[in-house]
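To start, the structure itself, in structure tokens.
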Amino acid sequence: MKFTQSLADVIEPAQVEQIMHAIAQSDQIVITTHLSPDGDALGSSLALYHFLKKKGKNARIIVPNSFPYFLRWMKGTGEIDVAEYHPEAARHILLHADLIFSLDYNIPKRIGEMGPMLEASPARKILIDHHPFPGDSFNIVVSHPEISSTSELIFRLLFQAGLYEELTQAEAECIYCGMMTDTGGFTYNSSNPEIFEIISLLLRKQIDKDAIYSQVFHNYSAERFRLLGFTLSQRMEIYPDLHAALIRLSREDQAQFRFNKGDTEGFVNYPLSIRGIIFSTFIREDEGLIKLSFRSQKSFPCNEFAAAFFNGGGHLNASGGEFYGSFEEALHAYAEGLKKYEEILKRSLEAV
Ligand code: 5GP
Ligand code: MN
């Protein structure tokens with residue numbers, strides 16, 4: 001039985017045609033995504049990868065650095081190249097590609113050392129992303145900050161190209177994973193009714209959404225849980241008047257709990273569960289830099305905060321940045337930031 005469903009043409013139909021044409025004309029196709037790939041980065045990349053392989057293309061995915069254990073269940077993760085481990089191979093692959101997809105990031109800086117390799121490549125470049133402010137390094141730019149995940153955009157691309165019928169279960173699983181993780185399991189940024197129409201279409205491909213939820217959210221190590229408990233009880237500051245909360249972890253703290261990559265994923269969301277907290281920050285001392293994550297509710301622009309003080313960016317309610325200096329200096333910069341945003345933060349609870 002053929003199932004018909006209409007969805008808005010979010011991607012310009014002419015772009016869908018251009019992208020399908022570019023794919024048809026290319027053989028060596030490379031998919032790239034951002035540093036510390038998350039569920040949406042990998043979900044969108046793998047869905048597109050499976051589609052391209054199905055079409056007989058020599059497709060590859062190159063990510064800048066590795067990704068956490070709880071995303072490894074997705075089909076194809078074993079075939080992903082990690083540039084950090086093999087930088088020369090990554091350079092070679094990018095330089096010899098016919099077509100490069102940039103998924104879930106807006107500018108080459110977000111892929112770290114792969115950025116200059118991408119810029120140097122003569123390949124055609126297609127950006128498909130939902131972060132604001134797309135860069136100008138691409139031949140085709142599909143940028144939709146109003147869409148909650150890049151994985152949803154990949155679904156829409158295939159759907160609009162009339163390829164829903166041939167979408168596989170594996171592709172559907174990867175798309176669902178990206179849509180689910182970028183919306184916190186459909187708890188924020190997910191009120192567009194078409195999201196649920198798409199979920200319905202994915203479920204028709206026999207995906208098990210409950211199993212996917214468990215794979216991602218019930219797949220942590222005991223150490224991560226103990227680290228979370230420690231962080232919330234010993235390393236959290238609340239600024240009630242400012243509706244702000246800070247959690248922080250030094251390298252020493254992390255070593256004490258045998259920190260593994262991905263262990264702190266999602267920590268920044270917890271303080272938002274506290275009544276009255278609108279702005280949450282997580283400052284983590286990493287090797288050679290300090291990494292910051294921001295989350296907000298309502299209209300507080302945590303991406304502006306990230307850009308103003310931590311050379312970062314992202315979405316209105318979910319952003320990140322980095323700081324080069326000591327851990328204490330990063331904490332100081334955050335305190336200065338709070339001062340600058342004091343008036344806006346004080347009023348943030350009332351704002352819509
Ligand atoms: P997370 O806190 O989950 O690492 O990142 C949240 C959001 O902020 C993501 O959409 C991510 O793309 C963006 N983001 C994270 N770190 C950075 C950064 O250093 N620079 C910029 N521009 N965006 C970031
Ligand atoms: Mn995303």
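Tally the residues that are within 11 Å of ligand 2 (Cβ to nearest atom) and among the charged types (D, E, K, R), restricting the search to segment 155-194.
Residues in segment 155-194 being within 11 Å of ligand 2 (Cβ to nearest atom) and among the charged types (D, E, K, R): 1 in total.
Can you tell me which residue in segment 310-342 is nearest to SER299 (Cα to Cα), limited to those that are in a helix (DSSP H, G or I) and touching a Ser or Thr at 6+ places or on another chain (Cβ under 8 Å)?
The selected residue is TYR334.
Could you tell me which numbered condition ALA222 fails, if it satisfies all but one of (1) within 16 Å of ligand 1 (Cβ to nearest atom); (2) at pLDDT below 95?
Status for ALA222: all satisfied but (1).
Do you know which residues across segment 256-313 are polar (S, T, N, Q) and within 16 Å of ligand 2 (Cβ to nearest atom)?
Within segment 256-313, ASN269, SER293, ASN303 qualify.
Only residues in segment 104-116 that are at negative phi count as the first member; pair them with residues that are assigned to a helix (DSSP H, G or I) and acidic (Asp, Glu), Cβ under 6 angstrom, at least 6 apart or cross-chain, and list the lot.
PRO108/GLU119
Looking at segment 24-43, can you tell me whether even one residue there is over 20 Å from the mean Cα position of the chain (by Cα) and either within 16 Å of ligand 2 (Cβ to nearest atom) or buried (at least 20 other Cβ atoms within 10 Å of the Cβ) (or both)?
Within segment 24-43, one or more residues are over 20 Å from the mean Cα position of the chain (by Cα) and either within 16 Å of ligand 2 (Cβ to nearest atom) or buried (at least 20 other Cβ atoms within 10 Å of the Cβ) (or both).
Taking segment 107-154, which residues are within 13 Å of ligand 2 (Cβ to nearest atom), of a type outside the set (Gly, Ala, Ser) and assigned to a helix (DSSP H, G or I)?
Selection gives ARG110, THR150, GLU152, LEU153, ILE154.
Quick one: count up the residues across segment 44-90 that are surrounded by 17 or more Cβ atoms within 10 Å (Cβ to Cβ) and under 19 Å from ALA123 (Cα atoms).
13
Across segment 166-199, what is the number of residues that are more than 19 Å from the chain's Cα centre (by Cα) and within 15 Å of ligand 1 (Cβ to nearest atom)?
The total comes to 0.
I'm told THR187 meets every condition in (1) of a type in the set (S, T, N, Q); (2) surrounded by fewer than 15 Cβ atoms within 10 Å (Cβ to Cβ); (3) under 15 Å from ASP40 (Cα atoms) except one. Can you identify the failing condition by its number?
(3) is the only condition that THR187 fails.
Considering only segment 258-305, how many residues are outside any strand (DSSP E or B), within 21 Å of LYS340 (Cα to Cα) and among the basic types (Lys, Arg)?
Total satisfying the criteria: 1.
Return only the number of the condition from (1) of a type in the set (A, V, I, L, M, F, W, C); (2) outside any strand (DSSP E or B); (3) not assigned by TED's automatic domain parsing to the domain that holds GLU171 that ALA245 does not satisfy.
(2)
Restricting the search to segment 46-81, which residues are touching a residue at least 60 places away in the same chain (Cβ under 8 Å) and either within 16 Å of ligand 1 (Cβ to nearest atom) or closer than 17 Å to SER102 by Cβ (or both)?
Selection gives LEU46, ALA47, LEU48, PHE51, SER66, PHE67, PRO68, PHE70, LEU71.
Scan segment 94-119 for residues that are out of contact with any helix residue (DSSP H, G or I) (no Cβ under 9 Å at 6 or more places or on another chain) and either of a type outside the set (S, T, N, Q) or not assigned by TED's automatic domain parsing to the domain that holds GLY39 (or both) and jot them down.
Selection gives HIS96, ALA97, ARG110, GLY112.
Give the residues of segment 246-298 that are over 22 Å from the mean Cα position of the chain (by Cα), surrounded by fewer than 22 Cβ atoms within 10 Å (Cβ to Cβ) and closer than 21 Å to LYS346 by Cα, sorted by residue number.
ILE274, ARG275, GLY276 - these are the residues of segment 246-298 that are over 22 Å from the mean Cα position of the chain (by Cα), surrounded by fewer than 22 Cβ atoms within 10 Å (Cβ to Cβ) and closer than 21 Å to LYS346 by Cα.
Name, by its number, the condition in (1) farther than 16 Å from LEU242 by Cα; (2) more than 12 Å from ligand 1 (Cβ to nearest atom) that does not hold for LYS339.
Of everything listed in (1) farther than 16 Å from LEU242 by Cα; (2) more than 12 Å from ligand 1 (Cβ to nearest atom), LYS339 misses just condition (1).
The values are calculated or read from the model by the stated rules, or taken from the named source; none is laboratory data. Predicted model only: the values in this text are computed from it and were never measured. Glycine also receives a Cβ, built like all others from the backbone with ideal geometry; neighbour counts cover every protein chain displayed.
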